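The values are calculated or read from the model by the stated rules, or taken from the named source; none is laboratory data. On a predicted model such as this, the values are computed, not experimentally measured, just so you know. Neighbour counts are summed over all protein chains in view; Cβ atoms, including those assigned to glycine, are modelled from backbone coordinates with ideal geometry. Quick note on the areas: whole protein, heavy atoms, side chains included, nothing else; ligands and nucleic acids left out. Shrake-Rupley method; radii C 1.70, N 1.55, O 1.52, S 1.80 Å.
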Amino acid sequence: MAGPIVYRTRRNVLHMAALAAATSVIAPSLSKADSKAVEAEIKKLYDGKAMSEGRIKLDVPQIAENGLVVPITVDVESPMTEQNYVKAVHVYADGNPLPGVLTFRFSPLSGRASASTRMRLAQTQNIVAVAEMSDGSLFTTKAEVKVTIGGCGG
Amino acid sequence: MISRRHFLHATAAAHALAVASGLGPLGRAAAQQRLSEQDILRFEPLGQVTILHVTDIHAQLMPLYFREPSINLGVGPAKGKPPHLTDQAFRDHFKVGGGTAEAHALTADDFTQLARTYGRMGGMDRVARLISAVRAERGADKVLLLDGGDTWQGSWTALQTRGDDMVQVMNALGVEAMTSHWEFTYGEDRVKELAEKSKAAFLAQNVRDNEWQEAVFEPRKTFEKGGAKIAVIGQAFPRTPIANPRWMIPKWEFGLREEDIQKQVDEARAEGADVVILLSHNGFDVDAKLATRVNGIDVILTAHTHDAMPGVVTAGRTILVASGSHGKFISRLDLDIRDKKVSGYRYKLLPVFSDAITPDPSMAGLIDAIRKPFAAELAQEIGRTESLLFRRGNFNGTFDDLIAQAMLAERDAEIALTPGFRWGATLLPGDPITFDAIANATAITYPACYRMEMTGAQLKDVLEDVADNIFHPDPYFQGGGDMVRVGGVGYAIDVSAPMGRRISDLTLLKTGRPLEASKAYTVAGWASVNQGTQGPPIWDVVKSHVARHKTIRIEPNAAVKVTGA
């Protein structure tokens, strides 16, 4: 067998894990698990400020292998300089009893606005990410994760 | 090279799929006749390289009958297109004459009659003979033999030797690379052990350890054949931990990992590959979509959905091959490579008609040796069937009806659930039901036949969930397999409706009354993916039911009403 192929280095993963652990500040709390209502509530949290699509790469599986530990990676396009960087990424799961799942906080010293962790999802739902930029602008994206009991294969 | 004349454009498809058809000389020679070994092997060689592909053998060492589906619905972009064609529509599309040997091999209608005319198919000694013949004709150094997986599971000998018998057989066959799905149901340690013992490279770019996200298996391997460099990327079944017990492979993660396939293709090209092959266990529709999204794959050898097509499908520059299952077929694909590109190809699906092919003596000897310790057990005649017992079909199969009836009776349940597996041999009316035959439909490593209470609402949820895994219009959400079979209950299904709204009119057949959402019913089932499931193994349940009745007769099943197809 050939050596393992790794696209993300161990050091990187450790770094991300440490970062995720360090950000214990949870996204502002919401409590309604309804897709439309959650979307409206998220808008309110940011004073109804305009949110642009794009810049965030939200990597979640289309189908969760295990709803208890669903991997999530966010990666925001940014030069990460003192003048222009990503301050934070907030993640919401619109089907969770408490949709605010986590917040990753960054500084120019982060070098890259990228982080990974795992979250628990009980059912099929949308994951919404909101990135706060240093100039106060907001970016958002969403992706659906299907949580299934399966079905037996060929 | 396939000429323009040989191209039949499927439609102006969303996927831009086109179909190249024709059985070549075989189709014309064969009308109403048995084929000879020469007819089966006849092929005008092309280019420098021959790819041979076998897949989804499901541990079937011996010749068997295997009825293809009469209902195989495609949804979304796949609707009405190959491989989602059956019977007359299939024969019309691929120019197969009714009543011919090929019609018997590839379609379901008139199955019993044609089976009596043309005999069994498959048998690994026959497969070995054909492969040796192609190697001899072409030159062994020009032939690459690949296995798409679902090889180590599906028979009593495979279960008892925990896959070892199939590794011996495939080693003897000279398989050079394989990928995997049901293999994983032997658990992490055993899979690693057998992957070591296997002479075939065990390739799976999409299996990662879930702590470090490192590749568990070699993602790809390059072979030199006929002076060309052929890169083979392995793709295991992406949904293994959902469709099969995750607890058996707790440290491994799967998934489609499309971007990583692209990286593998790009790396292979950068290393000078002339040809890039994806040896896939994704399932046909998933691969048809993937071919339009990943650049630079020359050939996708598809598997999992058990489709057998006597012609390739193309999507852009990518050729998709579907080689059937159970050792019924071998795909031969000759490639003409010029300037590091596939400039032409020729394809034939070789049907393995057991009666026409001389068994390879050394493989026959190995099979005898493997089966000998179990011979008495396997040969045990439990009963006989008066009906055709088959499995394939989107909603039911008579063999599954038998399993469901056995569970209802032996486990004293109101409702029975039996999985929509696509593997398992067919029995003809009048055939003995041996223990071998029962095991061929049930031999898995998580066989417990449970008995539990489930409400009407829970049952509907299960059916909705499984239906979404089959009829989701986006192939990337399809898991392969067929609808879970339900004993004791009838229902209506609108396959074109969205998730949660496909299933209606759930009726308890015994009383003719609607299933009540909040009422609890006694349900028996098997193949639960949950750890610690209790109950007797399903083969014992079926065995005692058949032994009690001796003669099995299955009436046509009209309990599922299908719309939206």
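Residues B:ASP125, B:ASP494, B:ASP339, A:ASP34 ordered from highest to lowest accessible area at a 1.4 Å probe: B:ASP339, A:ASP34, B:ASP494, B:ASP125. The Stokes-Einstein estimate for segment B:133-178, based on a Kirkwood radius over Cα pairs and taken at 25 °C with 0.890 mPa s viscosity, is a diffusion coefficient of 209 µm²/s. For chain B, taking Cα atoms only, Rg and Dmax work out to 22.5, 70 Å respectively.
B:LYS561 sits with roughly 120 Å² accessible to a 1.4 Å probe, with DNA, RNA and ligands left out of the calculation. Distances between every pair of Cα atoms in segment B:318-465, grouped in 5 Å steps from 0 to the bin holding the largest one, split as 2, 7, 11, 14, 17, 13, 11, 9, 7, 5, 3, 2, 0, 0 percent.
Most simply put, chain B has about 65% antiparallel DSSP beta bridges, counting only bridges with both residues inside it. Computed from phi, the 3J(HN,Hα) profile of segment B:499-515 under the Karplus parametrisation 6.51, -1.76, 1.60 (θ = phi - 60°) reads 3, x, 10, 7, 9, 8, 6, 5, 10, 6, 5, 4, 9, x, 9, x, 5 Hz, with x in place of Gly and Pro. In plain terms, the bigger the Kirkwood radius, the slower the diffusion; for the protein assembly as shown, with that radius from Cα pairs, at 37 °C and 0.692 mPa s, Stokes-Einstein puts D at 123 µm²/s. Ordered from highest to lowest accessible area with the whole protein assembly present and a 1.4 Å probe, B:ILE71, B:ILE503 read as B:ILE71, B:ILE503. Mind jotting down a quarter of the surface of the convex hull over the alpha carbons of segment B:298-378, in square nanometres, one decimal? Result: 8.0 nm².
Fraction of C-alpha pairs exceeding 21 angstrom in segment A:82-154: 38 percent, rounded to a whole number.
For segment B:389-499, the residue among B:GLN458, B:ILE470, B:LEU389 whose Cα projects farthest onto the positive side of the dipole built from Cβ charges is B:LEU389. Using Cβ point charges alone (K and R +1, D and E -1), the dipole size of chain B about the Cα centre works out to roughly 1060 debye. Against chain B, whose longest principal axis comes from its Cα atoms, helix B:361-371 is set at around 30 degrees. Ordered by solvent-accessible area of protein heavy atoms (1.4 Å probe), largest first, the residues B:ASP189, A:ASP75 come out as B:ASP189, A:ASP75. In segment B:188-341, the ratio of gyration radius to Kirkwood radius, Rg to Rh, stands at 0.96 when only Cα atoms are counted.
For B:LEU35, the solvent-accessible surface computed with a 1.4 Å probe is close to 20 Å², ligands and nucleic acids excluded. Taking every DSSP beta bridge that has both ends in segment B:436-565, the antiparallel portion is near 75%. Remark: mean inter-chain Cβ contacts per residue of B:239-245 equal 5, using a 10 Å Cβ-Cβ cutoff to other protein chain atoms.
Only Cα sites of segment B:251-362 enter the Debye sum here, all with the same form factor; the resulting log10 I(q)/I(0) across q = 0.23 1/Å is -1.30, listed in q order. The HN-Hα couplings worked out from phi for segment B:113-123 by the Karplus form 6.51 cos²θ - 1.76 cosθ + 1.60 (θ = phi - 60°) are 4, 5, 5, 5, 6, 9, x, 6, 10, x, x Hz, whole numbers, x standing for Gly and Pro.
Annotation: amide H-H contacts under 5 Å for B:ALA108 (H modelled 1.01 Å from N, sequence separation of 5 or more, or interchain): B:ASP87. Phi-derived couplings, Karplus 6.51 cos²θ - 1.76 cosθ + 1.60 at θ = phi - 60°, listed residue by residue for segment B:348-359: 8, 8, 7, x, 8, 7, 4, 6, 8, 10, 5, x Hz, with x used for Gly and Pro. In plain terms, if you count all Cα to Cα distances in segment B:151-213 and split them into 5 Å steps from zero, the share in each step is 4, 18, 30, 26, 13, 6, 3, 0 percent. Projected onto planes of every orientation and averaged, the convex hull of the alpha-carbon atoms in segment B:382-512 covers 8.7 nm². In plain terms, if you count all Cα to Cα distances in segment A:28-116 and split them into 5 Å steps from zero, the share in each step is 3, 12, 19, 22, 23, 13, 6, 2, 0 percent. Accessible area buried by the pairing of A and B, both sides summed with a 1.4 Å probe, works out to roughly 3000 Å².
Within the accessible area of the protein assembly as shown, the carbon and sulfur atoms contribute 51%, probe 1.4 Å, all protein chains present. The amide H of B:ALA308, built 1.01 Å from its N in the peptide plane, has B:GLY324 as neighbours under 5 Å, considering only residues 5 or more places off or on other chains. Name the residues of segment B:186-232 whose accessible area, probed at 1.4 Å, falls by at least 50 Å² once all protein chains are in place instead of their chain on its own? Buried by the other chains: B:TRP212, B:GLU214, B:GLU218.
Charging the Cβ of each Asp and Glu at -1 and of each Lys and Arg at +1, and nothing else, the dipole of the protein assembly as shown about its Cα centre rounds to 600 debye. Only bridges whose two residues both fall in the protein assembly as shown count here: according to DSSP, what percent of them are antiparallel, nearest 5? Rounded to the nearest five, the antiparallel share is 70 percent. Computed over the Cα atoms of segment B:255-294, pair by distinct pair, the Kirkwood hydrodynamic radius stands at 10.8 angstrom. Computed over segment B:371-448, the range of Cα coordinates on each principal axis works out to 38, 27, 23 Å, biggest value leading.
Per-residue SASA remark: B:SER362, around 90 Å² accessible (1.4 Å probe; ligands, DNA and RNA not included). The C-alpha radius of gyration of segment B:79-178, expressed as a fraction of 2.2 N^0.38 Å, stands at 1.35.
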